[in-house]
Amino acid sequence: MTFLSMTHGDTVPIQTTITNLPAGGLTGCSFWFTAKYFPTDADSAAAIQKLPVSFTVLTVGSNTVPGVVQVILSSSDTASLPYYTLLMTWDIQMKDSLGNIYTVDSGTLRISPDMTRTTT
């Protein structure tokens, strides 16, 4: 379990290291980031969801080297959220080239309100 903290409106890169990979590493894998107010919420009701196109594989890895992926939470991801401190449950799921699904990281996400809202 990983605790993430960000400020409303900020840009935050999230990197996850994945171990126990097959020889081909992360080749052919897809990833999803989902943050929800309640774990029982439907994915379609998620407060934040990043689809596979949002992820960058930083290190492909192998059966001896961990792989690393990154997703970036941007200001637009928090723009429509309530403007007070929020606690959410989040995870990153991986679908490998064979169609197997794994939760590769998860935890709590805290989004705090920012004080400076004008940046121009």
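Brief remarks on what is shown
- Filtered residues of segment 1-17 (kept if closer than 19 Å to PRO66 by Cα and either modelled with pLDDT of 95 or more or not in a loop (DSSP other than H, G, I, E, B) (or both)): THR2, PRO13, ILE14, GLN15, THR16, THR17
- Just one of the listed residues (SER97, SER112) is over 22 Å from GLY25 (Cα atoms) and either touching a Cys at 6+ places or on another chain (Cβ under 7 Å) or surrounded by fewer than 14 Cβ atoms within 10 Å (Cβ to Cβ) (or both), namely SER112.
- Residue list for segment 29-55, restricted to those being under 24 Å from PHE3 (Cβ atoms), hydrophobic (A, V, I, L, M, F, W, C) and in a helix (DSSP H, G or I): ALA45
- Applying the condition of being surrounded by fewer than 18 Cβ atoms within 10 Å (Cβ to Cβ), aliphatic (A, V, I, L, M) and in contact (Cβ under 8 Å) with a residue 60 or more places away in the chain to segment 68-85 and asking which residue is nearest to ILE18 (Cα to Cα) yields ILE72.
- Qualifying residue in segment 56-66 (condition: in contact with a Lys or Arg (Cβ under 7 Å, 6 or more places away or on another chain), exposed (fewer than 15 other Cβ atoms within 10 Å of the Cβ) and either over 22 Å from PHE3 (Cβ atoms) or not hydroxyl-bearing (Ser, Thr, Tyr) (or both)): no
- Across segment 86-103, the qualifying residues are those that are in a strand (DSSP E or B) and among the hydroxyl-bearing types (Ser, Thr, Tyr), and the one among them that is farthest from PRO52 (Cα to Cα) is THR89.
- LEU26 meets each of the listed conditions (1) surrounded by fewer than 16 Cβ atoms within 10 Å (Cβ to Cβ); (2) of a type outside the set (Gly, Ala, Ser); (3) assigned to a loop (DSSP other than H, G, I, E, B); (4) modelled with pLDDT of 95 or more apart from (1).
- Every residue from segment 20-39 that is among the β-branched types (Val, Ile, Thr) and farther than 17 Å from GLY107 by Cβ: THR27
- Some residue of segment 73-85 being in contact with a Phe, Trp or Tyr (Cβ under 7 Å, 6 or more places away or on another chain), outside any loop (DSSP other than H, G, I, E, B) and modelled with pLDDT of 95 or more: no
The values are calculated or read from the model by the stated rules, or taken from the named source; none is laboratory data. Note that the structure is predicted; figures quoted are calculated from it, not measured. Every residue, glycine among them, receives a Cβ derived from its backbone with ideal geometry; neighbour counts consider all protein chains shown.
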